[in-house]
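Reading through the structure tokens given below for one structure.
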Number of protein chains: 2
Amino acid sequence: MLTERQKLILLAVIDDYITSAVPVGSRTISKKKSIGYSAATIRNEMADLEEMGFLEQPHTSAGRIPSQKGYRFYVDHLLTPQPWTENDIFQYESQSSIEFDDLEEIFRQTTSVISELTNYMTITLAPKMVEHRLKHLQVIPLTERYAVSIVVTNTGYVDQRRIVVPKNVTVGNIEQFVNILNHRLQGLRMSKLKTAVEKKLIEELKRYVDHIESMLDLFHQIIDQIGKEEERVYLSGTTRILDQPEFQDVEKVKSLLDLLEETEAISQLVESDSTGVQVRIGKENHIQSINHCSIISASYMIDGEPVGSIGVLGPTRMDYSKVIGLIDFLSKDLTSRLRKWAEGSFT
Amino acid sequence: MLTERQKLILLAVIDDYITSAVPVGSRTISKKKSIGYSAATIRNEMADLEEMGFLEQPHTSAGRIPSQKGYRFYVDHLLTPQPWTENDIFQYESQSSIEFDDLEEIFRQTTSVISELTNYMTITLAPKMVEHRLKHLQVIPLTERYAVSIVVTNTGYVDQRRIVVPKNVTVGNIEQFVNILNHRLQGLRMSKLKTAVEKKLIEELKRYVDHIESMLDLFHQIIDQIGKEEERVYLSGTTRILDQPEFQDVEKVKSLLDLLEETEAISQLVESDSTGVQVRIGKENHIQSINHCSIISASYMIDGEPVGSIGVLGPTRMDYSKVIGLIDFLSKDLTSRLRKWAEGSFT
DNA sequence: TGTTAGCACTCCTAAGAACTGAGTGCTAAA
DNA sequence: TTTAGCACTCAGTTCTTAGGAGTGCTAACA
């Protein structure tokens, strides 16, 4: 295990490296006020820390930089989440005080505020529709052949799509059918709707609804696409990351941007299985092109369940203490704003 | 004016530079089969072309590169649009043959196909809603206080938003009101709806509708946001442009990406006032960060009117003849696909 | 008179050499 | 156990040099 002094030195090295991005030498550390030892002592300790794998040396005559293991130890044991500065709070409130009538806008703004406050890239995953519960279903006929279906969920999402009206079916038929569905399906998870109809509702429907086959076809038109819908991803601050010295190489920029064009890959990055703030450092991400990046993410809730997440992507040398504090606060804030939003919609 | 030989040489220089990205010397040109002159002759002509401003020399002992004026002349007088290769056609058809039920998908796919075929960045502006005509209006009550408004346009766009139901109003009131609006406003441009109601319809409404003030408030909730809606922008192939040697400098990449984060700026880039394919070379774009880029764009139509545009952004040294041919074809193709789509929706 | 060959000149680029300085490891003294 | 001192290492910078692509100019040629 590490001695207190070793921890102190490791902390100092990482803190310094995070701001300077340059390998830090023993003299730099010994000059700090919090450290009462000479450069030579520091050197000995740093040599030990390197041997244990917490520090690395780019080349013999350079200073030390933290290794992945070093960062991990720092995040787990040394770091204290940084409280908000007045400026942060001001900036946040000035942007989020607007009254939103639009869920999209809430996510967009949250994402962009975070990237502004951190100067890293921010990724937000909006809730997947399949995880929501059905609030209201409606079909509006446009012409003889076409109609628009409207699906509203408990989270206030509205899904609308064009559907084809089967040949032998009247407006009255549809209304009747949709009425029954509304009564019976309300409150169910979107992902369960299909089986609910096929298993439990089918008998009742056969009794009360004409042209049942056509109607089921209609229903599938409405529901099938929702499951396939890809996760909604909000990105902000892509360019900010280019200010970081580790992205001076165009190749790295390219491989990162390539990654960002794939929505699916992004989701995986930010998705978190645990509760609370999660930190993935360097290769812990298992994706080549962000081997030198870290991701700090957390989930937000709707109805007490995690439904989406926000994450910050920066170099491994990122300001963990600031970002962790921020993500922790904002994921909770997002949860409560979503609750208010939902209450505003449906009470 | 330029002699035939000068045109020949200018063409050869530009063609060569477009593929090589390296200043081209007199010897390179004289070796080409189509040119029957010695390097010395070419040198003389090139000196003349430089004097006239069609070519530039990075430094005394380097070859020549085309100037902006050179490219302009090339585009206007020398270039022949390149027909599609079999491979292009195959790739295009394999991606576009899918049956779309979703306008968004049509734009997204078109954008991505173009960026794949050209290897440059592609920008598509979807039609602005204000320019569409009203097809159908509907209000669905959700609760006592809230409702969802659905606006369908002639182009098949569906706009949906949450609105607040004024206190003293019943469902019946709303239905009556919306019915009248539907009858009277159908076919009008979205941008004209407000004045139409305030100028022409107000008397009739006062006669048949209760709580007219509340109703107008409702109407404004539905309509006001549509006008403000920013233009929908589809981007694809952002990273492809990083393969171009002119983007090896991270600063250039950054300033370009910064530009791309502003939707408004992008719209201006691609928006075209004229019909047919439009080419803007280098500083003709009036935007600092793309001084070394060219944009080739064209509009597509709905109901015979240009409503949006597609554009390709590449270095000034881009393959004009290929891209022009492609954009010309695809803008027309998009027009016809949109027509089919609209017919599918409303006949 | 237009075209071409020849030659001296320019200047970018790459490769090497020399220098600098930050930082280390090790040893010996406090 | 800590610290001061010193020799050593090595990345980065600057300077120099050689090479080569390309030019402009002149004179000869058809």
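Once amide H atoms are placed 1.01 Å from N in the peptide plane, what residues at a sequence separation of 5 or more from residue B:293, or on another chain, have their amide H within under 5 Å of its amide H?
So residue B:293 has HN proximity to B:282, B:316.
Under 25 Å between alpha carbons, and skipping anything fewer than 8 positions from residue B:33 in its own chain: which lysines qualify?
Answer for residue B:33, where 25 Å is the Cα cut-off: B:7, B:322, listed by chain and number.
List every residue whose amide H lies under 5 Å from the amide H of residue B:236, counting only residues 5 or more places away in sequence or on a different chain, with H placed 1.01 Å from N in the peptide plane.
The list, which skips near neighbours in sequence, is B:122.
Within chain A, what's the longest run with no trypsin sites (Lys or Arg not before Pro) in a DSSP loop and at most 10 other beta-carbon atoms within 10 Å? Give the range, please.
A:168-347
I need the inter-copy label distances for residue A:303: point set 7 Å along Cα to C-beta, values in nm with one decimal, smallest first.
4.1
Does region B:4-78 classify as rounded, prolate or oblate by the C-alpha gyration tensor (a ≥ b ≥ c root eigenvalues; a/c under 1.5 gives rounded; else a/b over b/c gives prolate, otherwise oblate)?
Rounded shape, in that the Cα axes give a/c under 1.5.
Taking each label point as 7 Å beyond Cα in the direction of the beta carbon, state the distances from residue B:175 to the same residue in the other copies, shortest first, in nm.
Label-point separations across copies, in nm and ascending: 0.7.
Kirkwood Rh over alpha-carbon pairs of the protein assembly as shown, then Stokes-Einstein at 4 °C and 1.567 mPa s: what D in µm² s⁻¹, rounded to an integer?
Estimated via Stokes-Einstein, D reaches 44 µm²/s.
Excluding residues fewer than 8 places away in the same chain, name every one of the aspartates and glutamates whose C-alpha is closer than 13 Å to that of residue B:69.
Those aspartates and glutamates meeting the cut-off are B:50, B:51, B:56, B:284.
Once you treat every alpha carbon in region A:57-126 as an equal point and sum by Debye, what is log10 I(q)/I(0) at q = 0.15, 0.18 Å⁻¹?
Each listed q corresponds, in turn, to -0.73, -0.86.
What Kirkwood Rh does region B:195-343 have if only Cα atoms enter the pairwise 1/r average? Answer in Å.
With all distinct Cα pairs of region B:195-343 included, I get 18.4 Å.
Computed FRET efficiency, Cβ-Cβ of residue B:105 and residue B:33, R0 35 Å: what is it to the nearest 0.05?
Given R0 = 35 Å and the Cβ-Cβ separation, E is 0.15.
Which Cα, out of A:25, A:36, A:60, lies furthest along the positive dipole direction of region A:4-78 (beta carbon charges, K/R +1, D/E -1)?
A:36
Please determine, in degrees from 0 to 90 and to the nearest 10, the orientation of helix A:212-228 with respect to the longest principal axis defined by the Cα atoms of chain A, where the helix direction is its Cα long axis.
Roughly 10 degrees, rounded to the nearest 10.
Across the Cα atoms of chain B, what radius of gyration and what greatest pairwise Cα-Cα distance (Dmax) are found, in Å?
Final numbers for Rg and Dmax: 26.4, 90 Å.
Can you work out ³J(HN,Hα) from phi for every residue in region B:105-122, in order, using Karplus 6.51 cos²θ - 1.76 cosθ + 1.60 and θ = phi - 60°, giving whole Hz and x for Gly and Pro?
Working through the residues one at a time gives 5, 4, 5, 4, 5, 4, 4, 6, 4, 4, 5, 6, 6, 9, 6, 10, 7, 10 Hz.
Taking the Cα centre of region A:188-347 as the origin and placing charges on Cβ (Lys, Arg +1; Asp, Glu -1), which of A:293, A:248, A:308 is farthest toward the positive end of the dipole?
A:308
Assuming 0.890 mPa s and 25 °C, estimate D for region A:264-347 with Stokes-Einstein, Rh taken as the Kirkwood radius over Cα pairs, in µm²/s.
182
What number comes out for the charge environment of residue A:335, summing +1 per Lys or Arg and -1 per Asp or Glu over other residues with Cβ under 11 Å away?
Around residue A:335, the surrounding residues sum to +1.
With +1 on each Lys and Arg Cβ and -1 on each Asp and Glu Cβ, and nothing else charged, work out how big the dipole of chain B is about its Cα centre, in Debye to the nearest 20.
460
Along the three principal axes, how long is region B:130-228 when you take its alpha carbons, biggest first, rounded to the nearest angstrom?
That gives 34, 29, 21 Å along the principal axes, largest extent first.
Cα atoms only, region B:215-284: Rg and Dmax in Å?
17.8, 59
Mind listing the phi-derived Karplus ³J(HN,Hα) values for region B:276-283, rounded to whole Hz, using 6.51, -1.76 and 1.60 with θ = phi - 60°, and x for any glycine or proline?
These are the phi-based 3J(HN,Hα) values: x, 7, 10, 10, 10, 10, x, 5 Hz.
How far is helix A:39-51 tilted off the main Cα axis of chain A, in degrees rounded to 10, range 0 to 90?
The two axes meet at around 50 degrees.
Between residue B:265 and the same site in the other copies, what are the distances in nm, shortest first, taking label points 7 Å from Cα along the C-beta direction?
2.5
Would you count, across region B:74-220, every pair of lysines whose alpha carbons are under 22 angstrom apart, provided the pair is eight or more residues apart or spans two chains?
Counting lysine pairs in region B:74-220 gives 10.
Compute the relative contact order of chain B as a whole-number percentage, counting only Cα pairs closer than 8 Å that sit 6 or more residues apart in sequence.
Relative contact order for chain B comes out at 18 percent.
Averaged over B:157-167, how many beta carbons belonging to a partner chain fall within 10 Å of each residue's beta carbon?
Per-residue shielding by partner chains comes out at 3.
Sequence-distant or interchain residues sharing an amide H contact under 5 Å with residue A:146, placed H: which?
Residues meeting the amide H criterion: A:165.
Need one value for A:232-238: mean number of C-beta atoms belonging to other chains within 10 Å of its residues' C-beta atoms.
Taking all residues of A:232-238 together, the mean is 1.
Please list, or write none, the lysines whose alpha carbon is within less than 22 Å of the alpha carbon of residue B:252, excluding same-chain residues fewer than 8 places away.
Straight-distance partners of residue B:252: A:252, A:254, B:283.
By how many degrees, 0 to 90 and rounded to 10, does the Cα axis of helix B:250-261 deviate from the longest principal axis of chain B?
The answer is roughly 30 degrees.
After finding the eigenvalues of the alpha carbon gyration tensor for region A:27-166, what semi-axes result from the square roots of 5 times each, listed largest first in whole Å?
56, 20, 12
Every read-out reported here was derived from the displayed coordinates using simple, explicitly stated rules and does not represent laboratory data. Predicted, not measured: the structure shown is a model, and the values here were computed from it. Counting neighbours? That spans all protein chains shown, and the Cβs are built from the backbone with ideal geometry, glycine included.
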